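The values are calculated or read from the model by the stated rules, or taken from the named source; none is laboratory data. Keep in mind that what you see is a predicted model, and the values were worked out from it rather than measured. So basically every Cβ, Gly included, is an ideal-geometry build from the backbone, and we count neighbours across all protein chains shown.
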Amino acid sequence: MSGASRRRQHSYTIAGLLAHQPAGMQRLPGYRDLLAHYRISARLKQVRLSRRGYSVLLHARVSPDRLRLFLRAQHLPVDPFFPLYLALKQDYLSTLERKREEKRRWIIHCLQSLPQPLFHSFLSLAYLEQYLAGSDETPIWAEELVPKTKKAARHLIGLSRLQWMDRFEEHLNLLVQRYRNFSAEEAELFLALFVLELPPSKKLSLPVPLPAPTCIKEAFRRLSKREHPDAGGDKMLFVKLKWAADILVSRPADSYSRRECGKKHR
């Protein structure tokens, strides 16, 4: 018998099932009792699980009220080991899911503490990808922009506005590479809108309707006063603001929408 065959045979035993349990489950109070019960049971040591039966137990995909039917269908003994194992595994999985949800909520709360224009631009990239994909899926946004850990979320909210612009630009370039219906020219317009804190609305379309030239100039004046080097602002960000305003006001007349200045993102 080959080494691979021996490993497969071992993995479909109760010993193999226990060996593949995560460390978090092994730290649960009842796990020692589970191990002790297995060690003194000659019958459990002789059990050979089918591939399907092993998978069902490994992922706890059988409810307690259907356990007896499962054991019968898999030709397994009616033994206290199985209900104890399932109770422990489901307790572990519930705790894991609760921690994941708590972390997810914490990250969302963390992101919501961003300045409103940045947070709206962050969300706009999700809406944009949904539009490009023609579905609710946002694979690039979820993978590349949304933080997965609290540490990553803290890092993200600590970025300067100029660093955020760089992140947005990198992300838009990824969308250009992924989606054929999104051009580099359109990506440039989106970036310019983000720089001037004029993110498009949730119900967007392509080509993206631009705010009226008066709105663009108003946004530039407001931000340039804050970021002008003579007022202690960031020189590179001021250059970026000038670039964004020039890009947007140079568009053809039919590119602009009737969107009112100061209209909030929805």
* Please work out if Ser41 is modelled with pLDDT of 95 or more, of a type in the set (Ser, Thr, Tyr) and exposed (fewer than 11 other Cβ atoms within 10 Å of the Cβ). => no
* Asked: If you check Leu172, Leu125, Leu145, which single one turns out to be out of contact with any Cys (no Cβ under 8 Å at 6 or more places or on another chain), over 25 Å from Arg100 (Cβ atoms) and surrounded by 18 or more Cβ atoms within 10 Å (Cβ to Cβ)?
  -> Leu172
* Structure fact -> Going through (1) in contact (Cβ under 8 Å) with a residue 40 or more places away in the chain; (2) exposed (fewer than 14 other Cβ atoms within 10 Å of the Cβ); (3) of a type outside the set (Asp, Glu) one by one, Ile108 fails only at (1)
* List, please: which pairs have Cβ atoms under 6 Å, are six or more places apart or on different chains, and start with a residue in the range 228-252 that is without any contact (Cβ under 8 Å) to a residue 60 or more places away in the chain and more than 16 Å from Thr214 (Cβ to Cβ) and end with one that is surrounded by 12 or more Cβ atoms within 10 Å (Cβ to Cβ) and of a type in the set (S, T, N, Q)? -> Leu241/Ser224
* Asked: How many residues does the range 184-216 hold that are in contact with a Leu (Cβ under 9 Å, 6 or more places away or on another chain), in contact (Cβ under 8 Å) with a residue 24 or more places away in the chain and part of a helix (DSSP H, G or I)?
  -> 11
* Those residues of the range 229-258 which are surrounded by 15 or more Cβ atoms within 10 Å (Cβ to Cβ), modelled with pLDDT under 90 and in contact with a helix residue (DSSP H, G or I) (Cβ under 7 Å, 6 or more places away or on another chain), in sequence order -> Gly233, Asp234, Tyr256
